[in-house]
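All of the numbers you see were taken from the coordinates with simple rules; none came from a lab. Quantities reported herein were computed from a predicted structural model and do not represent experimental measurements. Glycine also receives a Cβ, built like all others from the backbone with ideal geometry; neighbour counts cover every protein chain displayed.
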Amino acid sequence: MKKQKKRSSWILMDMSALFVIALLLLMVAVCFDAPEKQFSESAINMMTQWEAADGENYSLEALPKGNIVMTHSLEGMEIADKQFCLKSIDTFIEVAADGKTVYTYAPEQPKFLGKSYGRYLHTIPVPPETKKLTLSVHPIFKEAPADLEDAVMEDAGMYMGNLYRKALPDYSVCLLMVTFGIVMLFMGVTNKNLKQENDMNFYSLGTFAVLNGLWAVNDTYILQALTQFPAMIKLLNYLCLIFNAYPSISFIASATNHKNTVLLKILRVLVVVNFTLTLLLNAWGICDMHYMLNVSLAIIALSICMAIYLLIRAVRHKSIDKHFAQTLGTGIGPAVIGISADLIRYKIGENHILGTSAFTRIGVLIFLLVLGIHLIHERHRLTIERNRAEIMAKMAYTDGLTELHNRIAFSEKEKEICSNEKSCVVVQLDVNFLKKVNDVYGHAEGDRHIIAAAHIIRDSFEKIGICYRTGGDEFIVVAEYGGKTETENALEEMQRKIHAYNNREKPPVPLEIAYGYAEYTPSEELTEVERLADQRMYTCKKKMKAAALY
C-alpha cells in the first residue's frame with residue numbers, strides 16, 4: 001500500500017508540473033494582454049528621413065559609427081497625444097523638441113555593472129506644437145554604431161501593449177524553459193529513491209534550462225520594461241552566458257557515462273576563470289565585461305564541440321544505451337544548430353530583426369522537451385524497478401505465513417549484532433502441542449495456531465525488539481531496546497494476550513508458548529547466549545507440558 005501511494009505521488013507530481021506550466025502560460029496571456037488593435041493607422045514611422053547637419057539622410061536601421069546629431073521634421077504630422085517611442089541598445093540618446101532638450105538617457109552605473117546598460121525602452125513626451133525633432137546618439141562602444149529599433153510617434157500605452165503582444169510568444173518560451181528547469185531541479189531534489197547517478201541528469205538539465213530561459217528573455221524587453229533597471233538585466237544576461245556551458249556538458253557527460261571525463265574538469269576551470277576575470281577586469285577598469293563576452297562565446301563554442309565528441313565517443317565505445325543515444329542525438333542536434341546559428345549571427349552583426357537568441361530558443365526548447373520526456377519516463381521506469389526489487393527483497397526476508405521476519409533475516413541480524421557489539425536480550429519461544437493440533441485438527445487449524453502465536457509475540461515485544469520465525473513452531477525475539485526487566489514485562493504481556501485469545505477464540509487446543517531468554521554482551525559469544533536461551537525455553541516447555549490437562 002505504501003509503495004502504491006509513493007508511485008501515485010510521483011505520477012501526481014508529474015501531472016501537477018504539466019498543469020503548472022500550462023497555468024503559467026495562461027497567466028502570461030492574461031497579464032500581458034495588449035489592446036486588440038495593433039499599431040493604429042495614425043502611428044508615424046520614425047525609422048527613416050532623419051537628416052544630419054551636412055544634409056545627409058539617415059535611417060536608424062543602418063547608422064554609421066560615431067556620435068550623430070540628426071533631425072526629423074514633424075510639420076504636417078498629427079502628434080497630439082503621441083510620444084516618441086523607440087528601443088535602444090548600448091546607446092546614449094538625447095532628444096530635443098525645436099531645439100529644447102526634452103529627454104536624455106545616459107545613465108551613470110555602478111562600476112561593477114560595466115559601461116553597457118543593455119536594452120531599454122523609451123517613451124518620450126513631445127510637445128504637440130513641435131515642428132522639428134532632434135535626436136543625438138552616442139554609442140557606448142566606439143567600434144559599434146548606435147543601435148536603435150522600432151522608432152515611432154505613437155501613444156505610449158499602445159506602443160507598450162503592442163510590445164507585450166509581439167514579445168508574448170518569445171516570453172512564453174522563455175518562461176516555459178525556466179519553469180521546465182525548476183521542475184527538473186525539483187525532481188532531482190525529490191528523486192532520492194532512484195540511483196544517485198541519475199540525479200545529476202535532473203540537476204544539470206534543470207540548471208541549463210533556467211540559464212537559457214533567463215538569457216533568452218533579454219530579447220523580449222519585458223523585464224527591462226517591468227524593472228526599469230536594464231543594466232541589472234544585462235548583468236544577469238552576461239552571467240547566464242558565462243555559466244551556460246558547464247551544466248550542458250555536465251548533463252551530456254553524465255548521460256554518456258563519462259562523469260569523470262577530464263573535459264568536464266577543464267570546462268569547469270575555464271568557466272570559473274572566465275567569471276573571475278570578467279568581474280575583476282571590469283571592476284578595475286581594464287576590460288569591460290562587454291568585451292569579455294567574446295570569451296564566454298568561445299567557451300560555449302568549445303562546449304558544443306565537447307558535447308559532440310562525448311556523444312560520438314559514447315556511441316563508438318557502446319557506453320550508452322542505443323535508444324538513449326538516439327534520443328540524446330535528437331535533442332542535441334537542434335540545440336547545437338540553434339546555438340551555433342545565433343553565435344554566427346552575433347559575430348557578423350545580423351541579429352537585429354530576430355534578436356540574439358531566436359534560434360537558440362527554438363533549438364534548446366526542442367532539446368529540453370525531448371530530454372525531459374525521456375527523463376520523466378526513465379524515472380518512472382527506475383521507480384517501478386526499485387519497487388519491484390524492494391518487494392522481492394521483502395519476500396526473501398519475510399515469512400509467508402506470519403509476515404514476520406524469517407530465518408534468513410535473523411541470520412543477517414546475527415551478523416549485525418556481532419559487528420555492532422551492542423548488548424541485547426535473546427528470547428527463544430516455541431509453540432506447545434502444535435503437532436497434536438496438526439495431527440488431530442488438520443494443518444489449517446495448525447496454521448491458525450501459528451499465526452495467532454506470531455501476532456501475540458510480535459505485539460508483546462514490538463516496543464523493545466524484533467520477532468523472527470525461525471522454524472515451524474519456533475520464534476526468536478532480539479530485544480535491543482530493553483534489558484531483563486523490559487523483557488520480563490513483555491513476557492507477562494504475552495501471557496495476558498494468550499489468556500485473552502484462548503478465552504475469546506476457544507481453539508480446540510489452547511495456545512501455549514514456552515520461552516527462555518538470556519542476556520548478550522559484546523564480550524560473549526552470541527551462539528552460546530542463544531544456546532542458553534534455548535535450554536531455558538525447553539525447561540519451561542517441560543514444566544508447561546507436565547502441568548497441561550490435555
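Could you state the angle between the C-alpha long axis of helix 289-317 and the longest principal axis of the C-alpha atoms of the chain, as a value from 0 to 90 degrees rounded to the nearest 10?
The two axes meet at around 40 degrees.
Compute, for the chain, the length of the dipole vector about the Cα centre, with Cβ point charges of +1 (Lys, Arg) and -1 (Asp, Glu) only. Units Debye, rounded to 20.
Around 1940 debye, computed over the chain.
Give me the extension gain from LEU279 to ASN387: residue separation times 0.36 nm, minus the current Cα-Cα distance, reported in nm with one decimal.
Here the answer is 34.0 nm.
What angle, in degrees between 0 and 90 and rounded to the nearest 10, separates the Cα long axis of helix 358-397 from the longest principal axis of the Cα atoms of the chain?
0
Which listed residue (ILE513, GLN228, VAL178) has the Cα farthest towards the positive end of the charge dipole for the chain, taking +1 on Lys and Arg C-beta and -1 on Asp and Glu C-beta about the Cα centre?
ILE513
Quick check on the chain: helices-only [θ] at 222 nm, where DSSP H runs of length 4 and up contribute -39,500 (n - 2.57) each and the sum goes over total residues. Nearest 500, please.
-20000 deg cm²/dmol
Find how much the distance from LYS484 to SER319 grows on full extension, using 0.36 nm per residue of separation minus their present alpha carbon separation; answer in nm with one decimal.
This chain segment gains 53.7 nm when fully extended.
Sticking with the crude label model, points 7 Å out along Cα→Cβ, report the distance from CYS418 to LYS142 in nm, one decimal please.
Here the answer is 8.4 nm between the modelled labels.
With r defined as the distance between the Cβ atoms of GLU51 and ILE266 and R0 fixed at 56 Å, what FRET efficiency is calculated, to the nearest 0.05?
Efficiency, from the Cβ-Cβ distance: 0.55.
For ARG531 and GLU445, what is the calculated FRET efficiency with R₀ set at 25 Å and r taken between the beta-carbons, to the nearest 0.05?
0.20
What is the percent of Cα-Cα separations in region 209-255 that go past 15 Å?
46
Just one of (i) -0.39, -0.83, -1.02; (ii) -0.64, -0.90, -1.00; (iii) -0.54, -0.97, -1.10 is log10 I(q)/I(0) by the Debye sum over Cα atoms at q = 0.07, 0.10, 0.11 Å⁻¹ calculated from these coordinates, so which is it?
(ii)
Can you give the Kirkwood hydrodynamic radius of region 170-391 from its Cα pairs, in Å with one decimal?
18.2
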